[in-house]
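Report on one structure; see the data block that follows.
The values are calculated or read from the model by the stated rules, or taken from the named source; none is laboratory data. In this text, all values refer to a predicted model and were calculated from it rather than measured experimentally. Virtual Cβ from ideal backbone geometry, glycine too; neighbours counted across all protein chains shown.
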Amino acid sequence: MKYGSTEKLLRVNLTTGAVKIETLDDELYRLYPGGKALAAYLLIKQLPAHADPLGQDNRLVIANGLLTGAPFSTASRFTIAALSPLTGGYGESEAGGFWGPELKNAGFEAILVEGQSPHPVYLWVADGQAELRDARHLWGREPAAVQAAIREELRDDLIRVLQIGLGGENRIRYAAVTSDLRHFNGRNGMGAVFGSKNLKAIAVRGHGRYLDLAYDPRGLIELGRLLARQIKEHPLGWDLYDKGTPGILGGLNASGILPTRNFHAGVFEGVDDIKWEAYQSKILTARRSCYACAVRCKRAVEVTEGPYRVSETYGGPEYEAVAGFGSNCGISNLEAIALANELCNRFTLDTISTSATIAFAMECFEHGLLTPGQTGGLDLCFGNVDAMLRLIEKIATREGLGDLLAEGSARAARVIGGEAPFFTIEVKGQELSMHDPRGKVAVGIGFAVSEIGADHLVSFHDTLLQNPDSVSFKGATALGISKALPARELSPEKVRTFWIGENWSSFEKTVGLCYFGPAPRSFIQVNEVLQAMRLATGRELNVQDLLTIGERATNLARVLNVREGFTSAKDRLPERMFAPLEAGALKGVAISRSDFQEALQQLYLLKGWDPQTGIPTRQRLEALALGWCTDWIGAT
Amino acid sequence: MELHLGGHLNYYDAQHRNRLELHLQEPLSLNALLLQLNIPRCEVMLVVVNGELASQANPLLVNGDRLDLYSSVGGG
C-alpha cells in the first residue's frame, strides 16, 4: 500500500461517456506525489502536442496532493491543470477549501478528463464510483443555484461541488473554477477548459478518512493538534488569522509598491479607504476556513445598504482583488470593490486577470486607443466605479468590448494596436498579480520564468527575507538560506534564494500544502513538514528530497512548454517594469534590464538549463529521473 | 502620540490593537519605544514618521508625532 494515497485515478472520456478507474503505480507516485507533479506528468504523457486548448484534444487533470485531506492546518490544496487557453502552455491553478479532501475521501487521487461532451454534463463521484449525468438544466445558471440543484438532485446536502459559471461556459480565457462557492482555482483559464468540454461541474462525496491511508494516524492527529496551537502563537500565522491577505495592502503602499493605475505608481491616494482597517470596519462579517485549517484566513463580507450591495454567498475579496479592482483601477470605494469581487466569483472569472485587463483597458481609453463608441458609451477612465462594474458583466457575457477583453489583455492589445501592447502588464499572456517587482525583484524573476505566466506564488517574496533576526528569515534557514538580502538586490545570492524558494513552493503545490502553511511565509517549520511526510508515508525524507520533488515538478512543466514551442524569449517582464515608478517611496526606481537578464542567465545555470535556450539539459533531467522526456525537447 | 501597527506588529500588543494613543513624558527614540511595547526591532521593516519614511534607523519621537510601523509584507 502507498501510504497517504488512495492509489486511484479516475479517467473520464467525455466524448464516449466512458468512466474508468485505474491504479497509480507506486514508483510513479513516489516521483510525482500528487498535485502539480502528478498533473504535469499526466498532461505531458496524455496530451498531444500543439492541441487546441479549447478543443477536444486538450486534457484536464484535477489532482490532490499526497497530504491533501490530512488532518492538520493548510493541507487542503488541490491542482487543476490543462493546456492553458490564456498562455498556450502548461496551465495550472491551485485552491484550498473542502473539495480536494472530499475527493480523497471518495477514494481518488486524481481525475483525468478527455474529449468533449456533445451536451453539458456533470460528473458525480461517490465512494469509489463515478458517473456522468446530464447538466443541460444547469447550463447558464449561477453557481449557488447549481450547487443547490445538484445537492437536491442527489439528495445529499454535504456534497461538494466544483463548477463553472458563465465565464467558463463562455470560454473567457481567464475563467476560474469554484468549489463551495467560496474557493477558486483562479488562474490560467481552467474554467474555460471546463466550458469547452461541456463539463459544468464535478460533484463529490466520500465517507473515507485520510487517517485510514496514513502510516501513523495517531502521530498525524498529534501533529494537527500541535499546529493548531502554534498558529495563534506565531506572529505570521496569527496575522493571517487576524487580517487575512487584505492585511498586506497598507504595508505595500507605505513601501511604494502598491500597484496603482495599471502599475504606473506604487502609492495610492485613496489607500485609507481600502486598507485593512477600512475592510474590517466597513465590510467584514466573519473569518472562514478551509478543511481542518485553524488559520481561517478567508474573509466573509456583506454590504446591505447603498448602491453596491454584497452578500456573504461568494466570499470576500482577497488582497489581490482589493488591489486589483482598487488601487490598480484607481478606485477607493471598498463596497464597489467587494461587489466587483462578487461579480467575478458569480461569473467564475479570475479576479487578478479580470481586474488587470480592465486596468489595461482604462489606460487604453485614457490614451484614446479605445473610444466611447467602442466601450458602448462607458467612460472608462481610472476611478470610474460604475464603468468597471459594468465592464465585468460585459466580459462575462462577451458583450461588445467585453468580447475582446475576454481574450485577455495580450490578445486584446494586438487587436487594439498602437501603443496598446506597451500598456499590457502580463507575462506569457497571463496578467501580473498585484505585486510590483520593482520593489521585490525575486518576485519579478518568478513572474518571468514561471511556466504558467506571471504569478506571485512561485517563490518567496524578497521582503520576507531581509532581516536575519526576523521570524520569517529564521524559518527559511532550514531550507539552506543563510544570507538576508535587501528586497531590491539582484545578485547571484538572490538568484539562489529564489531557486530554493521556487523548489519549495513547487513542493507545496505537489503535496497539497497551502503557501500560507510552511515557513517562511507562515508558521509550520520545515522539520514539521518533514514530520508530516513521515507520518503520512512512513518514509524518512530530508529537506533536499522535498526540494527535489518540487524541482522535478517545475522541470516537467518546463518540458511541456518547450514541447509547445516556448523559448527563453518568453521569460521576460512587462516593459513597464524597466521604467521608473511615478510616485511613492520608490519613485524613480526601475529594474535594470541588463541586471535582470544576467540574473536569468545565472538562474538557468543553477537550474541546469541551457543558458541560451532555457531548455533543461539532459544531464539535469536525468538527475531528476526525467530522462524519459529528454528526446521530446531536444535536450543536450 | 499616535501609533499605528501595520502587518503582524499588532500581534505583540497584548490587546492586538492596530492603533494606540501614547503620551510621551519626554522625547523617546524608536528603539526605546519598541522596547517598552515589547515589539522586536527585527520585525519592523518600515518606519513612517508624520507621513514620511524615516531617514534614520532610530528616529527620535515626540508627543504629537504620528508613527506608522509596518512589518515585512509576505505576499499571497
From the list A:Val559, A:Val529, exactly one residue is without any contact (Cβ under 8 Å) to a residue 24 or more places away in the chain, part of a helix (DSSP H, G or I) and touching a Pro at 6+ places or on another chain (Cβ under 7 Å). Which is it?
A:Val529
State whether one or more residues within region A:28-42 are more than 23 Å from the chain's Cα centre (by Cα), closer than 24 Å to A:Val204 by Cα and not aromatic (Phe, Trp, Tyr).
no
Complete set of residues in region B:1-33 that are in a helix (DSSP H, G or I) and more than 13 Å from every other protein chain (Cβ to nearest Cβ)
B:Leu30, B:Asn31, B:Ala32, B:Leu33
Could you grab me the full set of residues in region A:612-628 that are more than 26 Å from the chain's Cα centre (by Cα), surrounded by 13 or more Cβ atoms within 10 Å (Cβ to Cβ) and either touching a residue at least 12 places away in the same chain (Cβ under 8 Å) or not in a helix (DSSP H, G or I) (or both)?
A:Thr613, A:Thr617, A:Arg618, A:Arg620, A:Ala623, A:Ala625
From A:Val310, A:Val267, residue being over 21 Å from A:Gly439 (Cα atoms), buried (at least 21 other Cβ atoms within 10 Å of the Cβ) and more than 24 Å from the chain's Cα centre (by Cα)
A:Val310
Report yes if A:Leu240 is modelled with pLDDT of 95 or more, in a helix (DSSP H, G or I), under 19 Å from the mean Cα position of the chain (by Cα) and of a type outside the set (Ser, Thr, Tyr), otherwise no.
yes
Scan region A:161-180 and report the pairs whose first residue is over 27 Å from A:Gly206 (Cβ atoms) and without any contact (Cβ under 8 Å) to a residue 60 or more places away in the chain and whose second residue is assigned to a loop (DSSP other than H, G, I, E, B) and not aliphatic (A, V, I, L, M), with Cβ atoms within less than 8 Å and a gap of 6+ or a chain change.
A:Glu169/A:Trp139; A:Glu169/A:Gly140
Test A:Leu626 against the stated conditions and say whether it is modelled with pLDDT of 95 or more and farther than 16 Å from A:Val449 by Cα.
yes
Looking at A:Arg296, A:Arg309, can you tell me which residue is more than 14 Å from chain B (Cβ to nearest Cβ) and in contact with a Gly (Cβ under 9 Å, 6 or more places away or on another chain)?
A:Arg296
Determine if region A:172-188 includes at least one residue that is crowded, with 24+ Cβ neighbours inside 10 Å and in a helix (DSSP H, G or I).
yes
Among the listed residues B:Leu35, B:Leu9, identify the single one that is touching a residue at least 12 places away in the same chain (Cβ under 8 Å) and surrounded by 13 or more Cβ atoms within 10 Å (Cβ to Cβ).
B:Leu9
Of the residues that make up region A:410-423, is at least one closer than 24 Å to A:Val177 by Cβ, out of contact with any Pro (no Cβ under 9 Å at 6 or more places or on another chain) and not assigned by TED's automatic domain parsing to the domain that holds A:Gly140?
yes
Working carefully through the options A:Val204, A:Val146, A:Val177, find the one that is in contact with an Asp or Glu (Cβ under 6 Å, 6 or more places away or on another chain) and not basic (Lys, Arg).
A:Val204
Of the numbered conditions (1) outside any helix (DSSP H, G or I); (2) crowded, with 22+ Cβ neighbours inside 10 Å; (3) touching a strand residue (DSSP E or B) at 6+ places or on another chain (Cβ under 6 Å); (4) not hydrophobic (A, V, I, L, M, F, W, C), A:Gly251 fails exactly one; give the number of that condition.
(1)
So A:Tyr314, is it of a type in the set (Ser, Thr, Tyr) and either in the same structural domain as A:Gly100 (by TED's automatic domain parsing) or touching a Ser or Thr at 6+ places or on another chain (Cβ under 9 Å) (or both)
yes
Being at pLDDT 95 or above and within 12 Å of chain A (Cβ to nearest Cβ) is the filter here; which residues of region B:47-66 pass it?
B:Val47, B:Val48, B:Val49
Counting only residues that are away from chain B (no Cβ under 11 Å) and in a loop (DSSP other than H, G, I, E, B), how many does region A:220-235 have?
0
Which pairs have Cβ atoms under 7 Å, sit 6 or more apart or on different chains, and link a residue in region A:435-446 that is within 20 Å of A:Leu249 (Cβ to Cβ) to one that is among the acidic types (Asp, Glu)?
A:Lys440/A:Asp462; A:Val443/A:Asp462
Would you say A:Ala192 is in contact (Cβ under 8 Å) with a residue 24 or more places away in the chain, within 30 Å of B:Gln15 (Cβ to Cβ) and outside the structural domain of A:Gly453 (by TED's automatic domain parsing)?
no
Of all residues in region A:559-597, count the ones that are closer than 30 Å to A:Cys629 by Cα, of a type in the set (Ser, Thr, Tyr) and surrounded by fewer than 13 Cβ atoms within 10 Å (Cβ to Cβ).
1
If we scan region A:490-510, do we find a residue that is part of a helix (DSSP H, G or I), within 13 Å of another protein chain (Cβ to nearest Cβ), touching a strand residue (DSSP E or B) at 6+ places or on another chain (Cβ under 8 Å) and under 30 Å from A:Tyr215 (Cα atoms)?
yes
In region A:313-322, is there at least one residue being out of contact with any helix residue (DSSP H, G or I) (no Cβ under 9 Å at 6 or more places or on another chain) and assigned to a loop (DSSP other than H, G, I, E, B)?
no
So, in region A:281-293, exactly how many residues are under 15 Å from B:Arg17 (Cα atoms) and either more than 12 Å from every other protein chain (Cβ to nearest Cβ) or touching a residue at least 24 places away in the same chain (Cβ under 8 Å) (or both)?
0
Take the residues of region A:390-419 that are in contact (Cβ under 8 Å) with a residue 60 or more places away in the chain and crowded, with 20+ Cβ neighbours inside 10 Å: which is farthest from A:Glu575 (Cα to Cα)?
A:Ala396
Residue match in region A:341-349 (condition: outside any helix (DSSP H, G or I) and hydrophobic (A, V, I, L, M, F, W, C)):
yes
Only one residue in A:Leu513, A:Leu535 is within 14 Å of chain B (Cβ to nearest Cβ), buried (at least 23 other Cβ atoms within 10 Å of the Cβ), over 30 Å from A:Ala51 (Cα atoms) and in contact with a Phe, Trp or Tyr (Cβ under 9 Å, 6 or more places away or on another chain). Which one?
A:Leu513
Listed by first then second residue, the pairs whose first member lies in region A:478-494 and is in the same structural domain as A:Ser522 (by TED's automatic domain parsing) and acidic (Asp, Glu), whose partner is surrounded by fewer than 21 Cβ atoms within 10 Å (Cβ to Cβ) and assigned to a loop (DSSP other than H, G, I, E, B), with beta carbons under 7 Å and at least 6 positions apart or on separate chains, are A:Glu493/A:Lys483; A:Glu493/A:Leu485
